[in-house]
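Asker: Once you've had a glance at the structure underneath, I'll fire off some questions.
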Amino acid sequence: MSDAISLGTAKTKQQDISIISELMYQLKVRDVMTKNVHTVAPENTLREVQAVMRDNKISGVPVASDGKLVGIISLDDIIRALDFGEMDSTAEDKMTREVQTVGVGVSVIKAIDEMEQCGFGRLPVIDRDHYLVGIVTHWDVVKKLIFLLQDVVLKAEARERSLADATPAPANEVEGATYEFDVCKDDFENAGIAASTVKKQLQKMEVSPAVIRRIAVAMYETEINIIIHSLGGKMTAEIFPDRVRVISKDEGPGIANVEKALTEGFSTASAKAREMGFGAGMGLPNIKRCVDDFKIESAAGESTTITFGVKFNI
Ligand SMILES: Nc1ncnc2c1ncn2[C@@H]1O[C@H](COP(=O)(O)OP(=O)(O)O)[C@@H](O)[C@H]1O
Ligand SMILES: [Mg+2]
């Protein structure tokens, strides 16, 4: 996560990340913070504070008096109190009074820099009068950025699309083709070649980005499954003017229970595949969701054949 966070700092190449840094400068802490903050009162005992932490799965609780931030109790404070038998002391007695905070109107990029400097992953947010109004974490920022970037990408795609509508492609680029790909067992390095080759051809044909994305996801998941689950196989993509048909056939060992394999979350991925981030058990369900028609033929000890088609809606 820290890679994504440091995108906005001066250390990285600005021209590469201008959209993200622009968003991070525009966004204020109030746009991303969590407003429902769990707090305790100065007179609460550490036993009560501990219960708040446990119930809400948090590792630090701001101490507030009449809505104003007066201190913070961390998990370390609780552990120390347990050691010394001081769980009946009040929060006021044991809290840290010098709390690192961030202002509600500060830019997100500044808040992230402050979090990095002080080494805390979350900071209480205060307004001008020192009232506690929220809490902000790295994750809050990342979530919001992903949400906004999605919007940026969709708008860019729409723009491309309207430009494409205005200038029809030359006839020789509209023709389809048949592509064949050999996909080898455990060949993680070349994973995604089939999907990206077809994607490029469809982009030339000016198929809509949303349809291309569905095809690319379905092909990529199929490709990965051959790499991680089979002894190797072949994928064929036939591109027609109005649709794509993909056939994937591997050399086994097949799927004993196809219905189970299609269930969300079911996976027999090896420890090695999991280490590399595969094996969420969402591949086959995702393929089904992305395509217009889908067929899978397999049995234990046999090859697996997957056929799917996607129409372009033009
Ligand atoms: N080509 C294949 N050969 C053998 N088994 C497969 C193949 N594709 C999928 N499977 C089986 O179906 C399960 C579910 O696949 P999928 O939904 O893509 O999840 P994941 O790949 O994350 O395990 C796999 O764990 C595996 O047991
Ligand atoms: Mg898979």
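Asker: Which residues, counting only those in the stretch 283-304, are more than 16 Å from ligand 2 (Cβ to nearest atom), within 19 Å of residue 228 (Cβ to Cβ) and in contact with a strand residue (DSSP E or B) (Cβ under 8 Å, 6 or more places away or on another chain)?
Answerer: Within the stretch 283-304, just 303 meets the criteria.
Asker: Among the residues of the stretch 267-280, which ones are surrounded by fewer than 17 Cβ atoms within 10 Å (Cβ to Cβ) and within 20 Å of residue 250 (Cα to Cα)? Show your work before the answer.
Answerer: Step one: filter the stretch 267-280 for residues surrounded by fewer than 17 Cβ atoms within 10 Å (Cβ to Cβ), giving 268, 270-272, 274-277, 280.
Result: 268, 270.
Asker: On to the next question. Tally the residues that are aliphatic (A, V, I, L, M) and out of contact with any helix residue (DSSP H, G or I) (no Cβ under 9 Å at 6 or more places or on another chain), restricting the search to the stretch 208-245.
Answerer: Total meeting the criteria: 2.
Asker: Whether any residue in the stretch 243-250 is crowded, with 22+ Cβ neighbours inside 10 Å, within 16 Å of ligand 2 (Cβ to nearest atom) and under 19 Å from the mean Cα position of the chain (by Cα) is what I want to check.
Answerer: no
Asker: So in the stretch 200-217, with the set limited to residues that are β-branched (Val, Ile, Thr) and away from ligand 1 (no atom under 16 Å from the Cβ), which one is surrounded by the fewest Cβ atoms within 10 Å (Cβ to Cβ)?
Answerer: 211
Asker: Turning to a different aspect of this structure: Against the condition under 20 Å from residue 297 (Cβ atoms) and surrounded by fewer than 19 Cβ atoms within 10 Å (Cβ to Cβ), how does residue 222 come out, does it pass?
Answerer: Against the criterion (under 20 Å from residue 297 (Cβ atoms) and surrounded by fewer than 19 Cβ atoms within 10 Å (Cβ to Cβ)), residue 222 does not qualify.
Asker: Residues 269, 194, 280, 218: which one is of a type in the set (Gly, Ala, Ser) and more than 30 Å from residue 154 (Cβ to Cβ)?
Answerer: 269
Asker: I've got another one for you. Please pick out the residue among 78, 73 that is at pLDDT 90 or above, assigned by TED's automatic domain parsing to the domain that holds residue 130, touching a strand residue (DSSP E or B) at 6+ places or on another chain (Cβ under 6 Å) and closer than 27 Å to residue 130 by Cβ.
Answerer: Exactly one of 78, 73 is at pLDDT 90 or above, assigned by TED's automatic domain parsing to the domain that holds residue 130, touching a strand residue (DSSP E or B) at 6+ places or on another chain (Cβ under 6 Å) and closer than 27 Å to residue 130 by Cβ, namely 73.
Asker: Still on this model: Residues of the stretch 251-298 being among the basic types (Lys, Arg) and at pLDDT below 90, which ones?
Answerer: Selection gives 272, 274.
Asker: Under 7 Å between Cβ atoms, which residue pairs at least 6 apart in sequence (or on different chains) link something in the stretch 259-270 that is under 15 Å from residue 304 (Cα atoms) and assigned by TED's automatic domain parsing to the domain that holds residue 227 with a partner that is assigned to a loop (DSSP other than H, G, I, E, B) and within 12 Å of ligand 2 (Cβ to nearest atom)?
Answerer: Listed pairs, sorted by first residue: 260/266; 261/255.
The values are calculated or read from the model by the stated rules, or taken from the named source; none is laboratory data. These numbers come from a predicted model, not from an experiment. So basically every Cβ, Gly included, is an ideal-geometry build from the backbone, and we count neighbours across all protein chains shown.
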